[in-house]
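Trainee: First the structure, which I've put down as structure tokens, then a few questions once you've had a look.
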């Protein structure tokens, strides 16, 4: 979406995380990294807002508090 349509990287990230949680009615539990919410987290080396392609090579995956990669 970023490269093909020129969408701002933060909007693309929110489009994959926050807005789906709102549409499913679970934004009180998921969708953002906030105290009291469930979060599965990925981490990459670098600034994804400048280089969105970094999300193609995930360095760390944490799901339900357990690190898988």
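The values are calculated or read from the model by the stated rules, or taken from the named source; none is laboratory data. The structure presented is a predicted model; accordingly, all values stated were derived computationally and were not measured. Please note: Cβ atoms are built from the backbone with ideal geometry, for glycine as well, and neighbour counts cover all protein chains shown.
Trainee: Are any of the residues in the stretch 47-64 in a loop (DSSP other than H, G, I, E, B), touching a helix residue (DSSP H, G or I) at 6+ places or on another chain (Cβ under 7 Å) and modelled with pLDDT of 90 or more?
Mentor: Initially, the stretch 47-64 is screened for residues in a loop (DSSP other than H, G, I, E, B), giving 47-51, 57-59, 64.
Restricting the remaining residues to those that are touching a helix residue (DSSP H, G or I) at 6+ places or on another chain (Cβ under 7 Å) gives 48-49.
From the residues that got through so far, the ones that are modelled with pLDDT of 90 or more too are 48-49.
Within the stretch 47-64, one or more residues are in a loop (DSSP other than H, G, I, E, B), touching a helix residue (DSSP H, G or I) at 6+ places or on another chain (Cβ under 7 Å) and modelled with pLDDT of 90 or more.
Trainee: Okay, moving on. Residue 37 - would you say it is assigned to a loop (DSSP other than H, G, I, E, B), in contact with a strand residue (DSSP E or B) (Cβ under 6 Å, 6 or more places away or on another chain) and at pLDDT below 95?
Mentor: Values: assigned to a loop (DSSP other than H, G, I, E, B): yes; in contact with a strand residue (DSSP E or B) (Cβ under 6 Å, 6 or more places away or on another chain): no; at pLDDT below 95: yes.
So residue 37 does not fit the description; no.
Trainee: Between residues in the stretch 18-39 that are at negative phi and in contact (Cβ under 8 Å) with a residue 24 or more places away in the chain and residues that are loosely packed, with under 14 Cβ neighbours inside 10 Å and assigned to a loop (DSSP other than H, G, I, E, B), which pairs lie under 7 Å by C-beta distance while being six or more apart or on different chains?
Mentor: Here the result reads 38/29, each pair linking the stretch 18-39 to a residue that is loosely packed, with under 14 Cβ neighbours inside 10 Å and assigned to a loop (DSSP other than H, G, I, E, B).
Trainee: Mind listing just one residue for me: the one in the stretch 1-14 that is in a loop (DSSP other than H, G, I, E, B) and at pLDDT 90 or above and, of those, surrounded by the fewest Cβ atoms within 10 Å (Cβ to Cβ)? Give the steps one after another, and end with the answer.
Mentor: Initial filter on the stretch 1-14 (in a loop (DSSP other than H, G, I, E, B)): 1, 6-8.
Filter once more, so that each one left must be at pLDDT 90 or above: 6-8.
On the way: 6: 7, 7: 14, 8: 12.
My answer is 6.
Trainee: A further question on this structure: Could you check residue 17 against (1) surrounded by 15 or more Cβ atoms within 10 Å (Cβ to Cβ); (2) in contact with a helix residue (DSSP H, G or I) (Cβ under 9 Å, 6 or more places away or on another chain); (3) within 21 Å of residue 69 (Cα to Cα) and say which number it fails?
Mentor: Residue 17 satisfies all of (1) surrounded by 15 or more Cβ atoms within 10 Å (Cβ to Cβ); (2) in contact with a helix residue (DSSP H, G or I) (Cβ under 9 Å, 6 or more places away or on another chain); (3) within 21 Å of residue 69 (Cα to Cα) except (2).
Trainee: How many residues are outside any helix (DSSP H, G or I) and either surrounded by 11 or more Cβ atoms within 10 Å (Cβ to Cβ) or modelled with pLDDT of 90 or more (or both) if we restrict to the stretch 20-33?
Mentor: Filtering the stretch 20-33 for residues outside any helix (DSSP H, G or I) gives 24-33.
Retained after the next criterion (residues that are either surrounded by 11 or more Cβ atoms within 10 Å (Cβ to Cβ) or modelled with pLDDT of 90 or more (or both)): 24-32.
Selection size over the stretch 20-33: 9.
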